[in-house]
1. Subtracting the Cα-Cα distance from 0.36 nm times the residue separation, let me have the gained length for Val109 to Ala47 in nm, one decimal.
2. Find the centroid of the Cα atoms in the range 18-57 and in the range 250-310, then give the distance between the two in whole Å.
3. When the convex hull of the Cα atoms of the range 164-350 is projected onto a plane and the area is averaged over all directions, what value comes out in nm²?
4. Quick check: residue separation of His300 and Lys224 times 0.36 nm, minus the Cα distance between them. What number comes out in nm?
5. Nearest 0.05, what FRET efficiency do Tyr122 and Val91 give at R0 = 25 Å with Cβ-Cβ as r?
6. Which of the three applies to the range 119-178, rounded, prolate or oblate, going by the alpha-carbon gyration tensor with a ≥ b ≥ c and a/c under 1.5 meaning rounded?
7. Given the options Thr302, Thr18, Thr267, which has the most mean-square fluctuation in a GNM of the chain, springs set between C-alpha atoms less than 10 angstrom apart?
8. May I ask you to derive the FRET efficiency for Arg327 and Arg68 from their Cβ-Cβ distance with R0 = 30 Å, giving the value to the nearest 0.05?
Amino acid sequence: MKIAIFLPNWLGDLVMSTPTLRAMRRHFGPDARLVGIMRPYLARVLAGTDWLSEQWYFDPRAEDPGLRMRAVARRMRAERFDMAVLLPNSVRTALVAWMGRAKERIGYVRYGRGLLLTGKLYPQRIGRRVAPAPVVGTYLALAEALGCGAESPRLELATLESDERSADVVWDNLGLRKDRRVIILNSSGAYGGSKLWPVEYFGSLARRIVEQLDHDVLVICGPKEREIAREVVRLAGRPRVFSMAEQPLDLGTAKAVIRRGRLMVSTDSGPRHVAAGFNKPLVTLFGPLLPIWSENPTQHATHMLLQLDCIGCRRRICPLGHHHCMRDLTVEMVYAEVVKLLKRDKSSIAA
């Protein structure tokens, strides 16, 4: 069997697809050729796992014409795939699979692409809108439609030896303690400003963790969030609060760094799913998107969500201008949840 799997375009969604990849490899066996088709910037996310036989890169807006739709479809035609499984709901992925002449094309009927599919799944709806449902479950339903057996929704990631060596350098550069008493803060939010917790709150939380919980704090960031990470460190004003702003920011290093942390406090963004992929306790700050989309019973997670009329608005910028969903989540509230998770996780220090 030759199977092309169009993978999600966002970091968190790709991590949430790992149970489906695990189920497909188990069902189709070691001899099946499973080719993951994905965005180039996500190339390192699945490194260290063995579900995919090969990774191809697809970016319809890339400067390199070899990454665009026609080139990927032409490559698919040459390979003669038996099947294409479409995890994203875009018309574009269905069109590439159709142009690539995959014999079967399985995905959800969304955005008018049903005519391009041979195997069709229909999302549950409330009126005309798709009903909120955990993304992990919707991906696993695709695997079940292929005949795969029941699979745990547990997210799973791995690191390479080179990733761990890079994390060693970060630990040495910053002088982070090596007894696992390091709490990771993630203040990023590529979705938009509505997901961001105030930077001064992160600074205050970092200071309290260092002073009262005897842990180091490491603020992670992407290339576009260096200034925010530096500002958290400045506002914390304590020598045991560090940032990744001057350290390697590739995904492999980020995975290894997150794997070494004891716990993460995060906005609702991609890195929190990486933490879940390494089974790390997690406090997530929700506002514009509801937790149900990323709900997973296997995670050691606390979802912080205020009961507001405007909660779950799904807007990238607060349409009301007050941003109460994030600003009214106080430092004291978040700190209390960190303490609870640490008490439940005492065994991790001894492990």
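No value in this document is a laboratory result; all are computed from the given coordinates. Bear in mind that the values here come from a model prediction, so they are computed numbers and not experimental data. Heads up, the Cβs are rebuilt from the backbone with ideal geometry, glycines too, and the neighbour counts pull from every protein chain shown.
1. Contour length minus Cα-Cα distance gives 19.3 nm.
2. 23
3. Approximately 9.9 nm², given one-decimal rounding.
4. Value of the extension gain: 24.5 nm.
5. After rounding to 0.05, the efficiency reads 0.95.
6. prolate
7. Thr302
8. About 0.10, to the nearest 0.05.
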